[in-house]
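Engineer: After the structure tokens below, expect a handful of questions from me.
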Amino acid sequence: MRILLTGRGGQVGWELERLLPALGEVVATDRAALDLAGAGIPEVVSRVKPTLIVNAAAYTAVDKAETEKDAAMRVNGIAPGILAEEAKRLGALLVHYSTDYVFDGEKQAPYVEDDAPNPLGAYGASKLEGERRIRASGCRHLIVRTSWVYGARGRNFFLTMRNARQPLRVVDDQRGVPTSSRFLAEHTVSLIDKKVEGLLHLVPSGSTTWYGFARQILGEKSAITPIRSSEYQTAARRPANSVLDNRKAQALLGGALPDWRSVLAAVR
Ligand SMILES: NC(=O)c1ccc[n+]([C@@H]2O[C@H](COP(=O)([O-])OP(=O)(O)OC[C@H]3O[C@@H](n4cnc5c(N)ncnc54)[C@H](OP(=O)(O)O)[C@@H]3O)[C@@H](O)[C@H]2O)c1
């Protein structure tokens with residue numbers, strides 16, 4: 001397999017660059033080598049001639065996207081469509097990541113793959129457009145929706161909490177599933193190996209709130225006060241419930257996926 005990876009410096013991209021060589025020869029790119037906001041995508045793909053494209057790059061600044069809608073749409077909406085057209089032309093598989101923020105959070109149970117998306121903000125809307133364009137291209141694809149990504153490197157809630165001065169106030173009325181970048185990369189490789197295609201929710205089992213996540217990171221004795229979203233103003237609205245149902249992924253991977261707490265324990 002000849003693999004083109006985008007976003008090598010991102011949380012997930014960094015892990016993938018270390019795991020994808022198990023599947024073939026990897027050409028890993030950063031923004032300088034392949035700018036998803038630019039016009040050079042077809043030229044780079046033509047040069048690399050991949051049989052697999054893994055798109056780990058994205059515009060991930062959820063709040064900033066509200067004032068930079070065009071930039072978010074270019075990278076998250078339009079670029080995946082161009083990668084998909086190129087994959088189609090080459091007969092390559094496109095693996096792409098999407099988000100729990102395609103949902104509005106009104107559902108009272110975990111979201112399954114078939115639930116209707118309805119993003120609350122510009123980031124979610126741009127990611128949903130990326131999904132739509134990939135499907136419309138007719139290329140072979142695997143779209144992996146995930147949530148609350150963190151790891152030992154990068155910008156994420158886990159490191160923010162670990163480096164923050166207590167006492168802390170953390171939102172307790174948004175529920176989701178923390179997912180480590182390593183977990184995501186490892187299972188992505190397994191899914192590719194098993195030739196899984198389509199749309200899939202990939203997160204550990206269980207769920208929590210940001211407050212519950214913070215407590216698990218810092219310990220029961222930490223000084224954290226649970227607050228409501230209304231007490232912590234952000235530019236983008238976030239879904240109250242964005243728990244993704246991982247049963248389809250469990251069936252395809254042939255076993256139970258670990259609880260988010262044990263995934264977190266492996267990151268420390
Ligand atoms: N983070 C989360 O909580 C979360 C939740 C759900 C889904 N996801 C999805 O999971 C995937 C991986 O996210 P992540 O957390 O690994 O993101 P990340 O750590 O923010 O990394 C994103 C990467 O994309 C690159 N990038 C941004 N704009 C680019 C451009 N115009 N051209 C080329 N590269 C560009 C960044 O490069 P620079 O360093 O140069 O900016 C960075 O390497 C994304 O599809 C994201 O939407 C993430």
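Every read-out reported here was derived from the displayed coordinates using simple, explicitly stated rules and does not represent laboratory data. Not measured: the values here are computed from a predicted model. Here the Cβ positions follow ideal geometry from the backbone for every residue, glycine too, while neighbour counts run over all protein chains shown.
Engineer: With an 8 Å Cα cut-off and a minimum separation of 6 or more residues, compute the relative contact order for the range 86-243 in percent.
Structural biologist: Dividing the mean separation by the residue count of the range 86-243 yields 34 percent.
Engineer: When a/c reaches 1.5 or more, the comparison of a/b and b/c decides; with that in mind, is the range 1-78 rounded, prolate or oblate per its Cα gyration tensor?
Structural biologist: oblate
Engineer: What's the angle, to the nearest 10 degrees (0 to 90), between helix 181-193's Cα axis and the longest principal axis of the chain?
Structural biologist: Rounded to the nearest ten degrees, it is 40.
Engineer: Let's see if you can work this out: charge +1 on each Lys and Arg Cβ, -1 on each Asp and Glu Cβ, no other charges. What is the dipole magnitude of the chain about its Cα centre, in debye to the nearest 20?
Structural biologist: The calculated dipole for the chain is roughly 480 debye.
Engineer: Can I ask one more? Any idea which of Phe157, Ile41, Cys139 is furthest toward the positive side of the dipole for the chain, if Lys and Arg beta-carbons carry +1 and Asp and Glu beta-carbons -1?
Structural biologist: Phe157
Engineer: Put a dot 7 Å past each Cα toward the Cβ at Arg2 and Ala152; how far apart are the dots in nm?
Structural biologist: In this crude label model, Ala152 to Arg2 measures out at 3.4 nm.
Engineer: How much FRET efficiency would the formula 1/(1 + (r/R0)^6) give for Arg268 and Arg47, where r is the Cβ-Cβ distance and R0 is 51 Å, rounded to 0.05?
Structural biologist: 0.80
Engineer: So who's got an amide H within less than 5 Å of the one on Val149, skipping anything under 5 residues away but keeping other chains? H placed 1.01 Å off N, in plane.
Structural biologist: Thr179
Engineer: Picking from Ala249, Ala214, Ala235, whose Cα lies most toward the positive end of the charge dipole for the chain (charges on Cβ: Lys, Arg +1; Asp, Glu -1)?
Structural biologist: Of the candidates, Ala214 comes out farthest on the positive side.
Engineer: If you plug each phi of the range 260-268 into the Karplus form 6.51 cos²θ - 1.76 cosθ + 1.60 with θ = phi - 60°, what whole-Hz ³J(HN,Hα) values come out, in order, with x for Gly and Pro?
Structural biologist: Here the 3J(HN,Hα) series is 4, 5, 6, 5, 4, 4, 6, 8, 4 Hz.
Engineer: So the label point goes 7 Å from the Cα of Gln233 along Cα→C-beta, right? Which residues of the range 51-74 then have their backbone N under 17 Å from it?
Structural biologist: Within reach of a label on Gln233, which here means backbone N under 17 Å from a point 7 Å along Cα→Cβ, the range 51-74 contributes 63-64, 66-67.
Engineer: Based on DSSP, what percent of beta bridges with both residues in the chain are antiparallel, to the nearest 5?
Structural biologist: For the chain, the DSSP antiparallel bridge percentage is about 5.
Engineer: A further question on this structure: Suppose every Lys and Arg Cβ carries +1 and every Asp and Glu Cβ carries -1, with no other charges. What dipole size does the range 1-122 come out with about its Cα centre, to the nearest 20 debye?
Structural biologist: In total the dipole reaches around 600 debye.
Engineer: If packing is taken as the mean number of other Cβ atoms within 10 Å per residue, what is the order of 78-88, 203-213, highest first?
Structural biologist: Highest-to-lowest ranking by the protection proxy: 78-88, 203-213.
Engineer: Also: For the chain, what percent of Cα pairs sit more than 24 Å apart?
Structural biologist: 47 percent
Engineer: Next up: Give the residue list of GluC sites (Glu not before Pro) in the range 168-268 that are DSSP loop and have at most 13 other beta-carbon atoms within 10 angstrom.
Structural biologist: Those satisfying the criteria are Glu220.
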